[in-house]
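Structure first, commentary second.
A short reminder: the numbers here are calculations on the coordinates, not readings from a lab. Since this is a predicted model, take the numbers as computed values, not measurements. Quick reminder, even Gly has a Cβ in these numbers, built from the backbone with ideal geometry, and neighbours come from all protein chains shown.
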Amino acid sequence: MSAPARFCICTVPSIVANEEKVRFCDVCGERENPIAFAMAQALAGPLAELRDRLRALEARVESQPTPRLVDTTEVARMLGKRREWVYRRKVELGGVPLGSGPRPRWGFNPDLVMARLSAREDAAEIGARVPVEPRQLPGSAPLLPVKDSAA
């Protein structure tokens, strides 16, 4: 009695690509497993659909203009702030690192910076509208004397 054929994952791409039953794997030479063939047949349609959707998405992305990126100096000039202020808020402003070193340059899409800053200011205005009650200290405790620094 011969040993049953093992599942050979190598057959799945061959079947999907050729859309025909393969008796032996082109890669490893293993005998085809009927279960692997059935799985490949079941996946062939959805995989082809995903491939087509991916190609359509790639075409759509390639047809859109690439946003212009500006550096921190330009963002600081645009907002009337210092570069250090921009660096401290680089992620909040939608910055992207342009490199992989320990201190990469950062690029910013000016439209995104303005949108993020506008949303931040709107949130700050909402927070500013909430009245804050002055905190009352319990009782009237005497204050400690403060030494005069001139003495």
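Identify the residue in region 80-124 that is touching a Gly at 6+ places or on another chain (Cβ under 7 Å) and assigned to a helix (DSSP H, G or I) and, among all such residues, is surrounded by the most Cβ atoms within 10 Å (Cβ to Cβ).
113
Only residues that are in contact with a Ser or Thr (Cβ under 7 Å, 6 or more places away or on another chain) and hydroxyl-bearing (Ser, Thr, Tyr) were counted across region 39-68, and they come to 0. Beta carbons closer than 9 Å, at least 6 apart along the sequence or on distinct chains, pair a first residue in region 36-65 that is in a helix (DSSP H, G or I) with a second that is basic (Lys, Arg) for 37/21; 41/21.
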